[in-house]
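Following this message is one structure expressed as structure tokens.
The values are calculated or read from the model by the stated rules, or taken from the named source; none is laboratory data. Keep in mind the model is a prediction, meaning the values are calculated, not measured. No Cβ is skipped: glycine too gets one built from the backbone with ideal geometry, and neighbour counts run over all protein chains shown.
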């Protein structure tokens, strides 16, 4: 299955670095806290931001009723690396912030990365046989991207701040930028298409390198999927080549 989640699910692969493994502090929210908040509640937000989010929720998830019918997703495919190598992968996401990615190389050895809502860990079947915590910066990347729905859902959670930055063009299309600042200071900027209210681009900062990473999404096929965002399903033959440290040109006056 191909889906817009893939660039987010696989983003930590571009950020792997050698470092001393240390436990990662959870910055997300407990299941109990999430249960007290509605995922698409925009009350109390700026009216323009609230309207944009309402349109995004409907276009992307089909509204709250459709959202409630799906609890987890699974992706399978092949990752093409910049050096010409290939890795098979299986990726899982489950509400609210659980994620697991299994990469398998030509030799059959696997590398597993996962986030359990509190700690990010990793395991290599070619080396250590026990899971170990991810290096801290890698864990920040992986945990940030572990959410089932991205960070535009649950906009009123404590410590989360959303801000409408304005409009710009993303490869010729007018989009609205929404900045989400998380409790630990990380930010994610989502570009929402002004015509259909689907996500066209995502901008983050790699916690390992400090560089901005820009993922731009493209239509390539239709797939059977409970969420209408299947209309925007996309995947590049070489995803790493589509991650860019540069942004898109602003809208001219």
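Within the group 80, 30, which residue is closer than 25 Å to residue 136 by Cβ and surrounded by fewer than 18 Cβ atoms within 10 Å (Cβ to Cβ)? Explain how you work it out, then say what you get.
Details: 80 fails: closer than 25 Å to residue 136 by Cβ.
Checking each option against the conditions leaves just 30.
Would you mind stating whether residue 129 is touching a strand residue (DSSP E or B) at 6+ places or on another chain (Cβ under 7 Å) and either crowded, with 21+ Cβ neighbours inside 10 Å or assigned to a loop (DSSP other than H, G, I, E, B) (or both)? Steps first, answer last, please.
Details: touching a strand residue (DSSP E or B) at 6+ places or on another chain (Cβ under 7 Å): no; either crowded, with 21+ Cβ neighbours inside 10 Å or assigned to a loop (DSSP other than H, G, I, E, B) (or both): yes.
Considered against the rule, which asks whether it is touching a strand residue (DSSP E or B) at 6+ places or on another chain (Cβ under 7 Å) and either crowded, with 21+ Cβ neighbours inside 10 Å or assigned to a loop (DSSP other than H, G, I, E, B) (or both), residue 129 comes out as no.
Among what's in region 150-175 and is assigned to a loop (DSSP other than H, G, I, E, B) and out of contact with any helix residue (DSSP H, G or I) (no Cβ under 9 Å at 6 or more places or on another chain), pick the residue that is surrounded by the fewest Cβ atoms within 10 Å (Cβ to Cβ). Give the derivation first.
Taking region 150-175 first, the residues assigned to a loop (DSSP other than H, G, I, E, B) are 150-160, 171-172.
Restricting the remaining residues to those that are out of contact with any helix residue (DSSP H, G or I) (no Cβ under 9 Å at 6 or more places or on another chain) gives 156, 159-160, 171-172.
On the way: 156: 14, 159: 11, 160: 15, 171: 11, 172: 7.
Result: 172.
Looking at residue 72 and the list (1) in contact (Cβ under 8 Å) with a residue 24 or more places away in the chain; (2) in contact with a helix residue (DSSP H, G or I) (Cβ under 8 Å, 6 or more places away or on another chain), which single condition is not satisfied?
(2)
Just give me the residues in region 98-120 being touching a helix residue (DSSP H, G or I) at 6+ places or on another chain (Cβ under 9 Å) and either surrounded by 20 or more Cβ atoms within 10 Å (Cβ to Cβ) or under 22 Å from residue 67 (Cβ atoms) (or both), in sequence order.
Result: 99, 101, 113, 115, 117, 120.
Keeping to region 176-206, report how many residues are assigned to a loop (DSSP other than H, G, I, E, B) and touching a residue at least 24 places away in the same chain (Cβ under 8 Å). Lay out the reasoning, then the answer.
Just the residues of region 176-206 that are assigned to a loop (DSSP other than H, G, I, E, B), to begin with: 182-186, 194-198, 206.
Within this subset, residues satisfying the condition of being touching a residue at least 24 places away in the same chain (Cβ under 8 Å) are 182-184, 186, 194, 196-198, 206.
Within region 176-206, residues that are assigned to a loop (DSSP other than H, G, I, E, B) and touching a residue at least 24 places away in the same chain (Cβ under 8 Å) number 9.
Now for a different question. Out of curiosity, is residue 140 outside any loop (DSSP other than H, G, I, E, B) and either in contact (Cβ under 8 Å) with a residue 40 or more places away in the chain or in contact with a helix residue (DSSP H, G or I) (Cβ under 9 Å, 6 or more places away or on another chain) (or both)?
Details: outside any loop (DSSP other than H, G, I, E, B): yes; either in contact (Cβ under 8 Å) with a residue 40 or more places away in the chain or in contact with a helix residue (DSSP H, G or I) (Cβ under 9 Å, 6 or more places away or on another chain) (or both): yes.
Considered against the rule, which asks whether it is outside any loop (DSSP other than H, G, I, E, B) and either in contact (Cβ under 8 Å) with a residue 40 or more places away in the chain or in contact with a helix residue (DSSP H, G or I) (Cβ under 9 Å, 6 or more places away or on another chain) (or both), residue 140 comes out as yes.
Right, here's the next one. Looking at region 182-197 only, could you name the residues that are crowded, with 16+ Cβ neighbours inside 10 Å and within 14 Å of the chain's Cα centre (by Cα)?
182, 186, 188, 189, 190, 191
I need a count of the residues in region 207-219 that are touching a strand residue (DSSP E or B) at 6+ places or on another chain (Cβ under 8 Å), at pLDDT 90 or above and in a loop (DSSP other than H, G, I, E, B).
So the answer is 1.
Now, a different point. Does residue 61 satisfy being crowded, with 16+ Cβ neighbours inside 10 Å, touching a helix residue (DSSP H, G or I) at 6+ places or on another chain (Cβ under 8 Å) and more than 26 Å from residue 133 (Cα to Cα)?
Values: crowded, with 16+ Cβ neighbours inside 10 Å: yes; touching a helix residue (DSSP H, G or I) at 6+ places or on another chain (Cβ under 8 Å): yes; more than 26 Å from residue 133 (Cα to Cα): yes.
When the stated conditions are applied, residue 61 passes them.
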